[in-house]
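The values are calculated or read from the model by the stated rules, or taken from the named source; none is laboratory data. For clarity, every value in this text was computed on a predicted model and none was experimentally measured. Cβ placement follows ideal geometry from the backbone for every residue including glycine, while neighbour counts extend to all protein chains displayed. The protein model used for the area step is the full one, side chains on, heavy atoms only, and it has no ligands, DNA or RNA in it. Shrake-Rupley method; radii C 1.70, N 1.55, O 1.52, S 1.80 Å.
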Amino acid sequence: MRFSGLRVLREGLTGNKGWKAHWRDPAPKPEYDIVIIGGGGHGLATAYYLAREHGLRNIAVLEKGYLGGGNIGRNTTIVRANYGLPGNSEFYSHSLKLWEGLEQDLNFNVMHSQRGVINLFHSDGQRDAYARRGNAMLNQGDDAILLDRGGVRKMLPYLDFDNGRFPVRGGLYHPRGGTARHDAVAWGYARGADMRGVDLIQNCEVTGIEVKNGAVTGVQTSRGAIRAKKVGIVVAGRSSQVAAMAGMRLPIESHVLQAFVTEGLKPVIDTVVTFGMGHFYISQSDKGGLVFGGDIDMYASYAARGNLPAVEHVMEAGMALMPMIGKARVLRSWGGIMDMSPDGSPIIDKTGIEGLYLNCGWCYGGFKAVPGSGHCFAHLMATGRPHEAAAGFRLDRFRTGFGIMDEEGTGAQHNLH
Amino acid sequence: MRITCPLCGDRDRREFYYKGAAVALDRPEPDAGAEAWDEYVFLRDNPAGETRDLWYHADGCGAWLEVRRDTVTHAVLEARLAAEAAR
Ligand SMILES: Cc1cc2nc3c(=O)[nH]c(=O)nc-3n(C[C@H](O)[C@H](O)[C@H](O)COP(=O)(O)OP(=O)(O)OC[C@H]3O[C@@H](n4cnc5c(N)ncnc54)[C@H](O)[C@@H]3O)c2cc1C
Ligand SMILES: [Zn+2]
């Protein structure tokens with residue numbers, strides 16, 4: 001079923017009776033060529049690109065809950081390519097280019113909106129750091145504009161520019177950055193994968209990984225055993241548990257990250273804005289809600305809900321930056337379980353087990369990565385070779401110390417990212 | 001979340017700095033080799049359920065605590081001085 005303007009018109013005139021379910025609900029087959037564990041954004045995108053780019057068909061995505069019920073449906077939807085380190089730069093650049101063609105490619109409206117991202121700075125040191133980052137982005141072929149105070153004021157007149165402690169000195173503007181509708185990304189990839197014959201199997205929890213003579217042979221699930229020649233682990237916050245089924249210990253700690261949305265308001269914030277002096281970022285959804293968040297709660301957690309101190313920090317930072325939002329009422333808050341890596345960068349790699357592949361460590365930044373991660377992970381699983389845009393995301397970089405990608409420059413240590 | 005410091009009593013989470021898994025109490029010998037140091041610095045059990053981690057009572061007595069806690073419910077089960085736990 002293709003979406004088009006004509007189709008919408010015709011359905012509108014005939015009572016919308018012609019729409020069908022966007023994907024099948026198949027029972028698991030006893031065997032697949034490739035099994036993807038985890039039906040989040042990354043798992044669904046991986047299955048999609050395996051089918052679309054590599055012509056593979058006999059694929060299943062196994063999801064313990066429902067499609068889009070994990071972090072893919074919980075994030076603050078920011079899409080950007082403003083990384084500074086080799087390894088990360090080319091990957092996020094690659095991912096952003098995929099975003100730019102995604103809706104046509106999927107024939108699905110993911111509401112990708114390149115409304116721009118502005119990272120504010122509040123001191124000379126921060127200005128230097130952002131000037132450098134902007135140059136790195138330009139060298140990567142992406143876009144960056146260093147705004148002075150006047151330039152920011154023109155775009156964001158509502159900021160507290162003369163805040164006594166954190167005056168706004170300027171910002172790094174990334175026009176191609178923006179937002180997208182998170183659920184729609186999961187749905188679009190799910191639909192695209194299903195159309196190409198991928199079995200999306202929900203309510204199917206993987207409970208064991210079968211390994212014989214150093215090679216993976218299949219998985220155990222709540223819906224029975226499934227044989228597979230290749231298995232990809234793409235389970236975000238649950239990576240440690242699933243990898244443990246294959247006897248692996250990962251360099252991952254799971255932490256909770258919270259997010260917030262206000263009641264719907266008239267259009268007021270038309271870009272993404274990030275505060276440089278406290279952890280706070282905000283945008284306005286197409287429904288009108290202000291969507292915002294801050295840092296992780298900073299202790300290992302699988303609770304998918306957070307504690308008050310992090311809520312307070314976010315609210316205080318928001319009020320310091322744009323006092324006008326004090327009038328908006330918060331409607332909901334929630335949390336997601338983040339797969340935090342020691343250096344803040346992800347892992348897309350083979351494992352020590354033949355046929356078993358790993359995709360994790362996305363920390364709080366894996367939404368923008370969904371197209372790139374799926375594309376590169378599919379390439380790795382199909383060809384056995386890393387995609388050039390993701391060649392730096394190696395699992396062994398921690399053991400060897402070679403190729404650590406610490407974007408924040410704080411040290412590759414678990415409690416620092 | 002509140003943590004009961006053995007020296008100060010029941011205190012708000014805001015008073016504590018979080019270090020991470022209590023592996024720091026089992027520091028390998030300097031020459032233990034790359035594997036042992038990888039285990040220590042990077043690899044984690046990362047349990048969904050009961051865990052042991054280290055918290056520093058920064059805005060209190062300044063003691064390092066080993067806290068037994070449930071990562072799924074956020075219940076704090078027990079806190080003792082890291083100095084005692086390491087013994
Ligand atoms: C509050 C919040 C805000 C965020 N904001 C941003 C942002 O602005 N920009 C950005 O780029 N990123 C953001 N992120 C990060 C981003 O959402 C994640 O990095 C990304 O979604 C993780 O990948 P995923 O979509 O595959 O994860 P998920 O959607 O969590 O998918 C993993 C899936 O695996 C399934 N699973 C787990 N165990 C098993 C098992 N044993 N068997 C079968 N299935 C299993 C889970 O049920 C889940 O559906 C944010 C995250 C949160 C929580
Ligand atoms: Zn104390």
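Looking only at region A:78-102, which residues are open to solvent by 20 Å² or more (accessible area, probe 1.4 Å) and in a loop (DSSP other than H, G, I, E, B)?
Taking region A:78-102 as the starting set, the residues that turn out to be open to solvent by 20 Å² or more (accessible area, probe 1.4 Å) are A:78, A:80, A:83-86, A:90, A:94, A:97-98, A:100-101.
Across region A:78-102, the qualifying residues are A:Arg80, A:Tyr83, A:Gly84, A:Leu85, A:Pro86.
Which residues, taken from region A:213-230, are within 11 Å of ligand 1 (Cβ to nearest atom) and either touching an Asp or Glu at 6+ places or on another chain (Cβ under 8 Å) or part of a strand (DSSP E or B) (or both)? Let's see the steps before the verdict.
Narrowing region A:213-230 to residues within 11 Å of ligand 1 (Cβ to nearest atom): A:219-223.
Result: A:Val219, A:Gln220, A:Thr221, A:Ser222.
If A:Ile59 satisfies all but one of (1) over 17 Å from A:Ala228 (Cα atoms); (2) touching a strand residue (DSSP E or B) at 6+ places or on another chain (Cβ under 9 Å), what's the number of the condition it fails?
All conditions are met except number (1).
Look through B:Asp70, B:Asp12, B:Asp53 and report the one residue that is of a type in the set (D, E, K, R) and either in contact with an Asp or Glu (Cβ under 7 Å, 6 or more places away or on another chain) or within 16 Å of ligand 1 (Cβ to nearest atom) (or both). Give the derivation first.
Details: B:Asp12 fails: either in contact with an Asp or Glu (Cβ under 7 Å, 6 or more places away or on another chain) or within 16 Å of ligand 1 (Cβ to nearest atom) (or both); B:Asp53 fails: either in contact with an Asp or Glu (Cβ under 7 Å, 6 or more places away or on another chain) or within 16 Å of ligand 1 (Cβ to nearest atom) (or both).
Checking each option against the conditions leaves just B:Asp70.
Within region A:231-253, take every residue that is surrounded by fewer than 24 Cβ atoms within 10 Å (Cβ to Cβ) and more than 11 Å from ligand 1 (Cβ to nearest atom) and give me the one that is farthest from the other protein chains (Cβ to nearest Cβ).
Only one residue tops the list, namely A:Ala246.
For the condition among the aromatic types (Phe, Trp, Tyr) and in contact with a His (Cβ under 9 Å, 6 or more places away or on another chain), what is the one hit in B:Trp55, B:Trp64, B:Trp37?
Testing whether each residue is among the aromatic types (Phe, Trp, Tyr) and in contact with a His (Cβ under 9 Å, 6 or more places away or on another chain) leaves just B:Trp64.
Does any residue of region A:118-138 turn out to be among the polar types (S, T, N, Q) and open to solvent by less than 30 Å² (accessible area, probe 1.4 Å)?
Of all residues in region A:118-138, those among the polar types (S, T, N, Q) come to A:119, A:123, A:126, A:135.
Checking which are open to solvent by less than 30 Å² (accessible area, probe 1.4 Å) leaves us with A:119.
Yes, region A:118-138 has at least one match.
A:Cys204 is checked against (1) more than 22 Å from the chain's Cα centre (by Cα); (2) within 14 Å of another protein chain (Cβ to nearest Cβ); (3) open to solvent by less than 10 Å² (accessible area, probe 1.4 Å) and fails just one. What number does that condition carry?
Of (1) more than 22 Å from the chain's Cα centre (by Cα); (2) within 14 Å of another protein chain (Cβ to nearest Cβ); (3) open to solvent by less than 10 Å² (accessible area, probe 1.4 Å), only one is false for A:Cys204: (2).
For (1) surrounded by fewer than 18 Cβ atoms within 10 Å (Cβ to Cβ); (2) more than 27 Å from A:Asp343 (Cβ to Cβ); (3) among the aromatic types (Phe, Trp, Tyr), each residue gets a yes or a no:
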{"site": "B:Leu7", "(1), (2), (3)": "yes, yes, no"}
{"site": "B:Asp12", "(1), (2), (3)": "yes, yes, no"}
{"site": "B:Gly20", "(1), (2), (3)": "no, no, no"}
{"site": "B:Gly33", "(1), (2), (3)": "yes, no, no"}
{"site": "B:Asn46", "(1), (2), (3)": "no, no, no"}
{"site": "B:His57", "(1), (2), (3)": "no, yes, no"}
{"site": "B:Arg80", "(1), (2), (3)": "yes, yes, no"}
{"site": "B:Ala85", "(1), (2), (3)": "yes, yes, no"}
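Looking at the structure I just gave you, is A:Asn163 in a loop (DSSP other than H, G, I, E, B), open to solvent by 10 Å² or more (accessible area, probe 1.4 Å), away from ligand 1 (no atom under 11 Å from the Cβ) and in contact (Cβ under 8 Å) with a residue 24 or more places away in the chain? Working first, answer last.
On the way: in a loop (DSSP other than H, G, I, E, B): yes; open to solvent by 10 Å² or more (accessible area, probe 1.4 Å): yes; away from ligand 1 (no atom under 11 Å from the Cβ): yes; in contact (Cβ under 8 Å) with a residue 24 or more places away in the chain: yes.
Spelling it out, A:Asn163 is indeed in a loop (DSSP other than H, G, I, E, B), open to solvent by 10 Å² or more (accessible area, probe 1.4 Å), away from ligand 1 (no atom under 11 Å from the Cβ) and in contact (Cβ under 8 Å) with a residue 24 or more places away in the chain.
Can you report the number of residues in region B:1-40 which are within 16 Å of ligand 2 (Cβ to nearest atom) and not aromatic (Phe, Trp, Tyr)?
Taking region B:1-40 and keeping what is within 16 Å of ligand 2 (Cβ to nearest atom), we get B:1-19.
Still in the running and not aromatic (Phe, Trp, Tyr): B:1-15, B:19.
Qualifying residue count for the region: 16.
Among the strands (runs of 3 or more DSSP E) lying completely within region A:254-307, list those that include at least 1 residues that are more than 14 Å from ligand 1 (Cβ to nearest atom) and over 21 Å from A:Pro157 (Cα atoms).
Working: elements: A:272-274, A:281-284, A:289-300.
The qualifying strands (runs of 3 or more DSSP E) are A:289-300.
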